[in-house]
Amino acid sequence: MRDQDPSPVDADRRLSTKEAAELLGVKPETVYAYVSRGQLSSRRAAGGRGSTFDAKEVEALARRNRQKSGGGPGGSGGELSVRTRLTLIDADRYYFRGVDAVELATRHTYEEVAEWLWTGRLRPGASFTAPEAPVAVARRAVQALPGHATPTDRLRVAAIAAATADPLRFDLSEDAVLGTARTLIPTLVAALPPVRPDHRDTGPLAHRLWARLSGRQADEAHLRVLDTALALLVDHDLAASTLAVRVAASARAHAYAAVSAGLGVLEGPLHGAASALAHKLLLEVLDRGHAAPVIADELRSGRHVPGLGHRLYPGEDPRARALFSLLEEIPHAAPALAAARDIVATTARHTPLHANVDLALAVLTASCGMPATAGETIFAVARTAGWIAHALEEYGERPLRMRPNGLYAGPKPPRPLPEQDTDGTGSHL
C-alpha cells in the first residue's frame, strides 16, 4: 500500500528548524545543509535565536524528496547508484579501499595514496614522471591559450594535447591505463605555466605544483600541507565530475578523454569554483578585520556562505579538519586561520554549519600568496587520480551501462509537422 503524504502545512506561517526537520524527515543539521545548497531559504527568528523557514517552500522540498524516493534506477533514493570499491563515506569519516583516508593522506605522499587507490597496494617512494614528448605538446597547446584562460581550461587542453602524443591511448587494459595515469598527472602539472622562474621540475609532485601556484619559497611545512591536500582530495565518491568520468568510461572513452570529461564538469560554478569563492570571502574578512559585516552582506544578498556545509557530512568535513591541523604549524597562516574560525563562528549564529574543505583550501592559498583559482587547480590535479581509478573500475563493467532511460514529459505524439510563419521564425504564435 502506498504511503499517504502528510497533511499539508499552513503555507502562511513560518516553521522552526525542528518543525522543518520533522516535515522533511531529516536531522536539523540536514535542514541547514539544504540552506547551504540553496534548496531552502531561511530567516532569523524573532529575538535572533535560530532560523525560520517558509512552510510552502519546505513542503515543496518534502514533496520532491518523496517523489525521488518512489524508486528509481539506482535504488531507494531514486538516484543513480554505482557499485564501487574505492571510497566509502560514513558519518564524519571517509575511507579509501577500507582504510581511513585521513590517516593515509597524513602518513603517505599523494603519489602513494594514488597507487593505493588504483591497485590496492602501497608503493613506498612512488614517483610520477612526465615524458618529454607529451609535455612539449601539452605546453605548446597551453601557451596558445589567451591570458584569461582558467586553470581548468589549461588542464583540459593539456590532457587532450597529451592524448594526441600517445598512439596507444585506446588500449584500455589495466596496465596500459595505469601507465597513462602515472604520466598524465605530472604532464598536467608540467604544462601549467610556472610562477617561479627558478623552478625545477623534479621531486615529489607537490613540489612541482607549488612552483605553479606561488612565487614564494616553500619550506617543508608548506609542502607537506600541499601534498596532504592533494592526497585528501584524491577521491570523494561519486561527485558530479566523477560521474561524468564514469559515463565516458562506460562508452569506452580512453583515459585522457575520461579525465577531460571530469575537468569539463569541474569547471561548473557549483563544483570547482567553490574554493575560489571561499578564498575571496576569506580575503574580504582579513581586509575588513571581522567576519560579521562580510557574512551579513552574504546573507542579505541571499547567497549561502562559501566554505561551509557539506551534504555528506553532518559535522565538520574531515578533510578540512586535517588541513586546519597542519596549517596550525605554519606561523604566518595564523591570521587566515583566525579569519576562517571567525567565519564559522559568526555564521553559526544564523545556521550551524561546519567548515568544509574549500574553506581549508582558502586558508592555504590565501596565506601562501596564491591566486583565488589555486584551490581549483589543487583539486583538479588531485582528483585526476581518483577519476582514473573510477575509469579503471568502469572499464571492467558492462559497456554503456551508464545509459538511463529518459522520462518523456513533452506533447503526446503524433503531432503534425510545424508550419513556418511568414516572419521566418517558425513560431506558431
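Give me the net charge of Thr365's neighbourhood, meaning all other residues with Cβ under 11 Å from the Cβ of Thr365; Lys, Arg count +1, Asp, Glu -1.
Working: positive: Lys280; negative: Asp358, Glu376.
Result for the neighbourhood of Thr365: -1.
Which aspartates and glutamates have a Cα less than 14 Å from the Cα of Lys56, not counting those fewer than 8 places away in the same chain?
Asp10, Asp12, Glu19
Convex hull volume of the Cα atoms in segment 364-409, per residue, in Å³?
Once divided by residue count, the hull of segment 364-409 is 113 Å³.
Which value, in Å to one decimal place, does the Kirkwood hydrodynamic radius take for segment 79-210 when every pair of different Cα atoms is included?
Computed over Cα pairs of segment 79-210, the Kirkwood hydrodynamic radius comes out at 16.6 Å.
Just to confirm a number: summing +1 for Lys and Arg and -1 for Asp and Glu over residues other than Pro134 whose beta-carbon lies under 14 angstrom from that of Pro134, what do you get?
For residues surrounding Pro134, the net value is +1.
So, counting K/R as plus one and D/E as minus one, what does the shell of residues with Cβ under 12 Å around Ala149 add up to?
0
For Lys412 and Ala60, what is the calculated FRET efficiency with R₀ set at 30 Å and r taken between the beta-carbons, to the nearest 0.05?
Here the calculated transfer efficiency is 0.65.
What whole number of Å gives the distance from the Cα centroid of segment 220-283 to the Cα centroid of segment 397-414?
Result: 28 Å between the Cα centres.
For the chain, what log10 I(q)/I(0) values come out of the Debye formula at q = 0.08, 0.14 1/Å, with one point per alpha carbon and no solvent?
Per q value, in the given order, log10 I(q)/I(0) is -0.51, -1.30.
Measure off 7 Å from each Cα along the Cα-to-Cβ vector at Asp198 and Leu312, then give the distance between these two points in nanometres to one decimal.
4.1
Gln420 versus Arg107, label points 7 Å from Cα toward the beta carbon: distance in nm?
For Gln420 paired with Arg107, the spin-label model returns 7.1 nm.
Quote to one decimal, in nm, the extra length available between Gln39 and His290 on full extension: 0.36 nm per residue of separation minus the C-alpha distance between them.
Additional length available on full extension: 87.6 nm.
Computed from the coordinates by the stated procedures, all read-outs in this text should not be read as laboratory data. Keep in mind that what you see is a predicted model, and the values were worked out from it rather than measured. In this analysis, Cβ positions are derived from the backbone assuming ideal geometry, glycine residues included, and neighbour counts consider all displayed protein chains.
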